[in-house]
Each structure stands twice: as C-alpha cells, then as structure tokens.
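Bear in mind that the values in this text are calculations on the coordinates, not laboratory data. These numbers were taken from a predicted model, which means no experiment stands behind them. Reconstructed Cβ throughout: ideal geometry from the backbone, glycine too, with neighbour counts over all protein chains shown.
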Amino acid sequence: MSENANKIKHLQNNRKNARLGGGEKRIEAQHSKGKYSARERINMLLDEGSFEEYDMFVKHRCTNFGIEKQTYFGDGVVTGNGTIDGRLVYIYAHDFTILGGSLSEAMSAKICKIMDMAMQMGAPVIGINDSGGARIQEGVNALAGFTEIFERNILASGVIPQISTIFGPCAGGSVYSPALTDFIIMSQSNSYMFLTGPSVVKTVTGEDVTQDQLGGASVHASKSGVAHFVSVDEESGLQLVRKLLSFLPQNNMEDAPQMACTDSIDRIEEELNDIIPDNPNKAYDVTEVISAIVDNGDFLESQKQFAPNIITCFARFNGQSVGIVANQPKVMAGVLDSNASRKAARFIRFCDAFNIPIVTLVDVPGFLPGTGQEYGGVIVHGAKLMFAYGEATVPKVTVILRKAYGGAYCVMSSKHLRGDINYSWPTGEIAVMGASGAVSVLYSRALKAVESPEEKAKLTTEKIEEYTEAFANPYNAAKYGYIDDIIEPKNTRFRIIRSLSSLATKKLSNPAKKHSNIPL
Ligand code: HXC
C-alpha cells in the first residue's frame, strides 16, 4: 500500500470511529431508551445527503479527574450545516453517547463556530439538546463555554431564527440556551428541562416530585409555557422543525418564502356568516374561523396548551406566511390574562423581527379581573402585549369578530397602535365595557332610587337595551374611521388577502434608539 493510500485508510478509519461517537454499546443504550443518536437525528432532519460536518476531529483538552483517558473524536456534539427544503441551516446535536453530551470547552467552541457562521451566512440555527449539562470535570471552563453560547444566542436573537429541540435531559444552566432561542420543541417521550433536579428540590423545599412532574414536556407546554411545541416522539419533533422553518425567512433581512397557493383566494365561506351565536355569552371556536380563512385550512399553533384563551399560529394567505393572534372565546370567554398577554406579545415580537405580517382576530371581553391577576402583575404583562403590537412595523390586519371591550380593544392591534387595516364583522361590539357593567356604573344612582325590584329590573333591561343599541355594533367606531370597513364574515379570506397584498410595500420605522424598554 502506498503512503498516500495508508493515509487515506487512516482517515477513513478515523471517520468511522468518529461516527460511532461513544461507541456501539452506548448507541445501543441510547436506542434502548427510545432515543436516537446525534447523527441519526441530524440525518432525519436535513435533506438527504446534505449534511456537511465540521470539527469531527476535535477532542476535549481537559486533564482533571482522569478524564484525559476518555477522549473521543468530535467530543460530545456533532456540528455542521445542511439544507431543509433546499435552504441552508446550521445545526448542532449533543451526542449523549460521549460523556452524556456534557458540555466541554471544546464542544462550546464547536457550537460557537457554527453559530458565528450562521450569523455571517444569515441562516437559521437548530440545536438538538440531549445533555447532562456542564462537564463537571472541566469546572469553570464548562461554565465559560456555556456562557459563550448564551451570548451568541442573545446576539443572534432577531437576526436569524433559532430553534431548539429537547430530546433528553436539559438541566441546570443548560436550559438557558434553549430559553434564549425563539422556539422550543420537546418530545413527549423522553425530554425534561429544569434548573434544579428533583433531589435538590427535595432538599430545599421538601417537595417530592418526579423529573416529569418537575420539567416534562406536558408541564412546560401547559403550565410554564417554556415549550412552544410538544411532539409525540423525536421523528415528529424533527418534522415539526421542518414545518416551522417553512413559515420563516432565513434571517431578518429577508421575507418568508412565498409558496404556491393551491387554494382559491376569493373562496366564500358561507358558514362564517352564522358562526357568531345570537347569545353574546355563548362561545364558539375561533380555530374554525382560522381554518376557514387560511390557505387550505392549514395552520401551525405555537404554545397550543399554554394560555389557550389566546391562539398564536403561523398560516398562509395566498402563499404568504403570516402570524395569527386570535382571542379564543371557547376558553374563559377569550379574556386576556397575564399568560395570554405574555404568550401573544412574544409571538408578535418574533413575527415583527422576521418580517412576518400579523393578522389579529378579536373577540375579547376585556382583561381578567381579580387579585390573582393583579398580584401577578397583569398590568405589566398586558403592557407587554400593548408594547409588542405598538412597536411592530410589519403589516397588521385586524378583524373584530365580536367583542372588543375596554383596554382589550386598545391592545388587540387597534388602529391607535398603528393597525394598518382594521375590519369588523357586523357582529362587532366595540365599547368601553359590556352592557350590564356599563349600566350598573352609569345608572347606579338612578337604580338605587328605585325601590321596587320589578321596577329596578325593568329600568336595568331598558338601559341595557339602550346601551346595546348604541355600542354593541361596529358603526360607532366606523363613524370615526377606527374601523376601515365592516365586512361580511364570508368574505374575510379575500379581504385579508387583498389587504396583505396592498401592504406588501409598507415602509415604517420606529424612532432611532439603542433599544426600547419593553415592560419585562
Ligand atoms: C460529566 C457526565 C455529566 C456531566 C453525565 N455524565 N452528566 N459527565 N459531566 N455533567 C456522564 C455520566 O458520568 C456517564 O458516564 C454518562 O455521562 C451517561 O450518564 P448516565 O448518568 O449514565 O445517564 P442517565 O442515567 O441517562 O442520566 C443522565 C443524567 C445524569 C440525568 C443527565 O447523568 C445526571 O444527572 N448528570 C449530571 C447532571 C448535572 O448535574 N449536570 C450539571 C448541571 S449544572 P459513563 O462514563 O459512566 O457512561 C450545569 C451548570 C451550567 O449544567 C451553568 C451554565 C450557566
């Protein structure tokens, strides 16, 4: 064998070894837990054959606690780039088979390298997390490594989309990198995220909790709102990444990809004319409105289980990607509370950062009253939503379906927060508050003066009817130009598409500043 052939053989062997990560036994152990290896995950995610790996031969350089005897090609992370639907993405995937995917200084350098490249190339970064956290043997170097990643997450925020999947443990400070990214996808079967694990919780607070109760996918999807999506398993989680990216631009200087639209743009949806119940206190499902108006009824809901009184989703109108925010009358009458405000505010800011127009569907009785909300800072959380809508410069189309009361009217992409085109259905009710509340305030003295209960009830009904007549319609707002047009529900799809088309060249910028001071 020639010397060259020897060297090539050596390279091939090294590559083979590197691709085995921590070895076949550990890959098997990974499989036996229902988990895939880092490279299997990458191959499932990317377009076939598109993965270009970097730093396959990096090794950790730590010599503490005998760890120098445990070195592997690539260390605990696989990094590189590839394509998804032909579009460039950068990717890193923790390799749990190597020292539990725990983060070393060398791994951090690998991850930072591809994050820097992603920023220069203007391409999304996807992180597949499955790690035991900071590599204990490396001490402060591991902490420094984590923090180098965090800083890059922060600087990349609003420049390139950043998506994290959690397919295993994500504990301690390592939760912060995913938390700094735009979207977190957790697999139902095998992921958990927490700052301190069950044993520390037990010591500090005395609580007995399992990993799943503390930080499983369901908990983060429904209670904390940390997870934006939950997938049944890893395969569907990776498919979700592909779908999510299809709605997003590559970076903040580009628009989301325009897809071919196979749905009629002037599709009439007769049933929308009847979807609002005659009884104003009766609910309906706003997702039926969404699926009736968007292309092919297809939409992708973010944070579906968290604050379900508001819906946030991506969809398309005539092939153009939009973010939809909709009050959900089916849950708590669609009232705005702290969680709903936070959820929608973050979604709106994401859309605005990435040039994705926002369509808002309004049916909201107001903000949720009570000490629970006030003590929890609903003022400041509601202000976040106001702030997000008010600073957004992307096209904003609003449709009031039914109630738009009080502060909630102001907040939900009203004309006064630079809503570009604001429609109402004829069923719109735009007022400071609902009829019975208004009457009890406006006529409290008159009602107190009436002694007979029958007379009191009669007067109340009369005044409620008067108020309803005056305000439970969109014409008063339309009179002032706060509503640009009152539209037939069945035409909503076409009207939104036409509005978005007219707003395609919108140019609006905010005053120059270092950054705003959103009420966090
Ligand atoms: C070094 C680690 C490691 C770590 C796991 N391993 N975590 N090595 N540093 N942080 C090693 C294990 O020793 C083992 O090596 C291999 O990875 C697989 O781990 P197992 O424990 O066998 O796997 P499993 O039973 O599935 O348990 C996984 C686990 C557990 C729950 C993640 O390993 C664990 O609790 N690890 C420690 C988690 C932790 O406390 N991390 C530090 C968090 S603090 P061998 O050779 O035996 O196969 C932190 C601070 C960051 O991250 C701050 C940033 C600001």
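Observations on the structure shown:
- Per-residue Karplus couplings for the range 107-119, computed as 6.51 cos²θ - 1.76 cosθ + 1.60 with θ equal to phi - 60°, are listed in order as 5, 4, 4, 5, 5, 4, 4, 6, 5, 5, 5, 4, 5 Hz, Gly and Pro entered as x.
- Gyration tensor (alpha-carbon) shape descriptor, the range 328-439, a/c threshold 1.5: oblate
- Within the chain: Cβ-based charge dipole about Cα centre, in debye rounded to nearest 20 (Lys, Arg +1; Asp, Glu -1): 1280 debye
- Computed helical MRE - 222 nm, the chain, DSSP H runs ≥ 4 contributing -39500 (n - 2.57), nearest 500: -11500 deg cm²/dmol
- Rounded to the nearest 20 debye, dipole of the range 351-442 from Cβ charges on Lys, Arg, Asp, Glu: 100 debye
- Folded to 0 to 90 degrees: helix 338-353 orientation relative to the chain principal axis, Cα: 70 degrees
- Working from Cα pairs under 8 Å separated by at least six residues, relative contact order for the range 131-196 is 35 percent.
- For the range 1-74, the set of trypsin sites (Lys or Arg not before Pro) satisfying both a DSSP loop assignment and a count of at most 15 other C-beta atoms within 10 Å is given as K33, K59, R61.
- Rounded to the nearest Hz, the phi-derived 3J(HN,Hα) couplings of the range 510-520 under the Karplus curve 6.51 cos²θ - 1.76 cosθ + 1.60 (θ = phi - 60°) are 8, x, 5, 6, 5, 6, 7, 10, 4, x, 6, where x marks glycine and proline.
- Spatial separation of Cα centroids for the range 212-276 and the range 456-520, in angstrom: 26 Å
- Straight-distance crosslink candidates among aspartates and glutamates, where the alpha carbon sits under 14 Å from K479 and sequence neighbours closer than 8 are dropped: E429
- The chain: antiparallel DSSP beta bridges as a percent of all, rounded to 5: 40 percent
- Modelled this way, with points 7 Å down the Cα-to-C-beta line, the labels at E151 and N279 are 6.1 nm from one another.
- If you take all other residues with their beta carbon under 14 Å from the beta carbon of L417, and give Lys and Arg +1 and Asp and Glu -1, the sum is +2.
- Cα gyration tensor, the range 193-243 - rounded (a/c under 1.5), prolate or oblate: prolate
- Neighbour net charge for T181 - beta-carbon separation under 15 angstrom, K R +1, D E -1: +1
- Between helix 140-156 and the chain: long-axis angle, C-alpha atoms, 0 to 90°, nearest 10: 40 degrees
- For V432, the amide hydrogen comes within under 5 Å of the amide hydrogens of G406, counting only partners 5 or more places away or on other chains and with H modelled in the peptide plane.
- The range 390-430: trypsin sites (Lys or Arg not before Pro) falling in loop per DSSP and having at most 15 other Cβ within 10 Å: R418
- Amide H contacts of T398 (H built 1.01 Å from N, under 5 Å, at least 5 apart or other chain): T360, I421, N422, Y423
- For K513, the lysines whose Cα falls under 29 Å of its own Cα, not counting residues fewer than eight places away in the same chain, are K343, K384, K396, K415.
- Shape category assigned to the range 252-392 from the gyration tensor of Cα positions, a/c cut at 1.5: oblate
- Ratio Rg/Rh [Cα only; Rh per Kirkwood] for the range 135-246: 0.99
- The angle between the Cα long axis of helix 234-246 and the longest principal axis of the Cα atoms of the chain comes to about 60 degrees, rounded to the nearest 10.
- Taking chymotrypsin sites (Phe, Trp or Tyr not before Pro) across the range 37-95, the ones in a DSSP loop with at most 13 further Cβ atoms lying within 10 angstrom of their Cβ are F57.
- Value of D in µm² per second that Stokes-Einstein yields for the chain, Kirkwood Rh from Cα pairs, at 10 °C (1.306 mPa s): 63 µm²/s
- Under 5 Å, built H, 5+ apart or other chain: amide partners of Y192: G168, C170
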